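The values are calculated or read from the model by the stated rules, or taken from the named source; none is laboratory data. This is a predicted model, so every value here is computed, not measured. Positions of Cβ are generated from backbone atoms using ideal geometry, with glycine treated the same way; all protein chains shown enter the neighbour counts.
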Amino acid sequence: MSSSLPLPAVPSRTSLLEHLVHTRIAGHVATPRENNLSHYRELANGNRHYWLGLELGDRWSDEQDVLAVMAERVGVSDDPDHRHGQDTIDPELTVGALDRAAAELRKAAEDRKRVLFATGHPGGLLDVHGTVARALRSAGCDIARVPLGLYADEGVVVQFAGVAVHERGASLWHTHSPEPMRQILDAYERAGHGMPDLVFADHGWAGCAAQRGLDTVGFADCNDPALFLGEAEDTLSVAVPLDDHVADPRFYEPMIAYLLDAAGLTDV
């Protein structure tokens, strides 16, 4: 989606629900059941790669407890005997989370807060974050700048259209690592800058920020349970369930239009 093009007309809730299912952002998503369960098991077994920067301790060591939260907050099947094949994201839960995210954005705009944007899924969500960043900047918010010269995971932390991303070898990388966000927040502390009032992110970028005590809105797929566990524990403000890399990033445009309208940011 080009930044020079307007967003599509704001869909009704019913139209957005239909769109999410049609484009497989929600509904019958592409992530298979066996992949979901594998990730839930890895998280429960203490594999920190799947904790996305959160400190979960031994509170989620039972895979069935993880599954129960994912069924409640994402809409995957709650049947433990369903081991293979299709799994789902409930579009009603997606839109409900978008409404909660919109409330956070509205507060940020009203108070002209400092907001940090970051994505570990630049191939799918970069423009989602960038469009929201532009809207908040127009509303008078301070979009946090990423300090120069930050390195993490054999790459560099850079910023495009106000959104922090991880670059390696002149390419933007898909990463679940919390380390890039850790480098940003540590740099703010070293420089004596105030921390962002709100973080709008995904993957380990969101988990790390939430673990540091920052108000955080995070997007997550049905095979990334950590952010939903963080939301269940009130560490993360909002976790939005969706397929985070559908066939064409433009499929997210109606979702962005709905989110900004619900936040009161369409006329800024």
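Within the stretch 160-192, track down each residue that is surrounded by 18 or more Cβ atoms within 10 Å (Cβ to Cβ) and assigned to a strand (DSSP E or B).
The answer is 163, 164, 165, 166, 172.
Which numbered condition in (1) buried (at least 19 other Cβ atoms within 10 Å of the Cβ); (2) outside any loop (DSSP other than H, G, I, E, B); (3) not polar (S, T, N, Q) is the only one that residue 146 fails?
If we test residue 146 against (1) buried (at least 19 other Cβ atoms within 10 Å of the Cβ); (2) outside any loop (DSSP other than H, G, I, E, B); (3) not polar (S, T, N, Q), just (2) comes out false.
In the set 263, 161, 226, 187, which member is aliphatic (A, V, I, L, M) and closer than 19 Å to residue 52 by Cα?
Of the residues listed, the single one that is aliphatic (A, V, I, L, M) and closer than 19 Å to residue 52 by Cα is 226.
Scan the stretch 87-113 residue by residue and report those that are among the hydroxyl-bearing types (Ser, Thr, Tyr) and assigned to a helix (DSSP H, G or I).
94
Output the residue which, of all residues in the stretch 246-255 that are surrounded by fewer than 22 Cβ atoms within 10 Å (Cβ to Cβ) and not charged (D, E, K, R), is modelled with the lowest pLDDT.
Taking the candidates together, the pick is 247.
Is it the case that residue 140 is touching a Lys or Arg at 6+ places or on another chain (Cβ under 6 Å), at positive phi and assigned to a loop (DSSP other than H, G, I, E, B)?
Taking the combined requirement at face value, the residue satisfies it.
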